[in-house]
Amino acid sequence: MYIRTTEHLRILHIVPYFKPAWAYGGPVLVVYEMSKRLVERGHEVLVYTTDALDAHSRSTAGEHVIDGVRVRRFRNLSNRLAWNRLFIPVGFGGRLAQTMQYFDVIQLHEFRTLQNVYAMPALRKSGRPYILMPYGGLPPELGREGVKRIYDLLYGRRLLEGASRLHASTEMERQQYLALGLPDSRIIVIPAGIDVTAFNHGGDASAFKRQYGVRDDQPVIGFLGRLNSIKGPEFLVEAFARVLAHKPDAVLMLVGPDDGARRELESQVDRLGIREAVRFTGYVGDNERKAAAYRAFDLYVLPSRYDNQPSTVLESLLNATPSILTDRCGLTPQLVQSGVARAVPFGDVAALAREIIDILEHREQARAQAEQGRRYVVEHFNWETLTDQWIEVYRTCVDETSR
């Protein structure tokens, strides 16, 4: 029988990607920030991951230590498939059962992955408690629906039912679990945090604008994130075309890596005849450059058709940038009710254009709201506080399993 209760915890994270694979979005940052802080508090962490880095390159496979965190990377069979979210790490499951025996609790990041399939026999054999974090990926209707339903039939339902805890970062995600008939007693709601010190250094907004041919006196509407249809960038482009009728010198900056949508966006921009007013910057990685981008924006728009807990809107507010998001985001009720951001119905082009114009015409009030948002993010999404909550969850899982 597995019996272990101690102040010193040993946590195994299983995740498709890890630092510096920032191009894959928010989950990379979440695992990194959690792991780093757990190690700083004296706990032991191993990240079991792949060599995925971005669309064109890989990390080095093997054993690494990154900011005190032990990382074991396995080479993907194909980097191209990995970028399309099919991670096939060679040898990943080989010694996983043996590795798990050493750890107190396992955390599975993402839901429908081959890594989780490889982990299932090892989890059963080890008897260790595990926590599942789907990062908004529970609904199968978000693309590749047929494949997802087959996965759920073969593996997904068993993963959900076997978890000691099911993580939800928002109330929206909690409701998704409940709709699947899963017990509320096993659902924990903890938001993904943000490093509230990450943007303390200055970001040169003027230099960022100049780099892309934008004058300091031009109003800038910004998007920062993956250019993927799930993020709804075409919705923003359509609304921006209407904004130009009122603000002809405005500029739309689309900041982020192409994740399948750029070609269609370029066609849309040309079709609307607004090429001169749109900038595609590509991927912007480090925090100083991201801070410069957010501070170059007069407002930030997250036009997502679905986004459980978007980290970019928190980053935007942390830089005191006025922000608009859609009603399809899990954070929307919390941020709107707190009075720190605005929201529009997804697809309502006229409503989004009106909100953008209103912010541009009332910049002082919008900046005051965004400054309130900065304070709100620091208070409610601070990783230090959230790490305390996670440690309590781990200990509860270990104690329940021991009993």
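The values are calculated or read from the model by the stated rules, or taken from the named source; none is laboratory data. Not measured: the values here are computed from a predicted model. Cβ placement follows ideal geometry from the backbone for every residue including glycine, while neighbour counts extend to all protein chains displayed.
In table form, for the structure just shown:
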quantity	calculated
Where a residue in the range 206-235 is in contact (Cβ under 8 Å) with a residue 12 or more places away in the chain and its partner, wherever it lies, is surrounded by 14 or more Cβ atoms within 10 Å (Cβ to Cβ) and of a type in the set (Asp, Glu), with Cβ under 6 Å and at least six apart	PRO219/ASP298; VAL220/ASP298; ARG226/ASP259; LEU227/ASP258; LEU227/ASP259; ASN228/ASP259
Answer residue from the range 296-312, given it is assigned to a helix (DSSP H, G or I) and modelled with pLDDT under 95 and is farthest from GLN218 (Cα to Cα) among those	SER311
All positions within the range 132-154 that are within 18 Å of the chain's Cα centre (by Cα) and aliphatic (A, V, I, L, M)	LEU132, MET133, LEU138, LEU142
Which numbered condition ASP388 misses (of (1) out of contact with any helix residue (DSSP H, G or I) (no Cβ under 8 Å at 6 or more places or on another chain); (2) not assigned by TED's automatic domain parsing to the domain that holds TRP22)	(2)
Only one of VAL344, VAL393, VAL377, VAL340 that is farther than 21 Å from GLN175 by Cα and either touching a residue at least 40 places away in the same chain (Cβ under 8 Å) or among the basic types (Lys, Arg) (or both)	VAL377
Any hit, the range 242-253, residues being assigned by TED's automatic domain parsing to the domain that holds ILE230 and within 20 Å of the chain's Cα centre (by Cα)	no
Which numbered condition SER323 misses (of (1) in contact (Cβ under 8 Å) with a residue 60 or more places away in the chain; (2) under 19 Å from PHE240 (Cβ atoms); (3) of a type in the set (Ser, Thr, Tyr))	(1)
Number of positions in the range 21-48 that are closer than 20 Å to LEU114 by Cα and free of Cβ contacts under 8 Å to residues at least 40 places away in the same chain	4
Condition broken by PRO257, with the remaining ones in (1) more than 25 Å from LEU360 (Cα to Cα); (2) surrounded by 16 or more Cβ atoms within 10 Å (Cβ to Cβ); (3) out of contact with any helix residue (DSSP H, G or I) (no Cβ under 6 Å at 6 or more places or on another chain) satisfied	(3)
Condition check for ARG289: charged (D, E, K, R), in the same structural domain as ALA341 (by TED's automatic domain parsing) and under 24 Å from ASN319 (Cα atoms)	yes
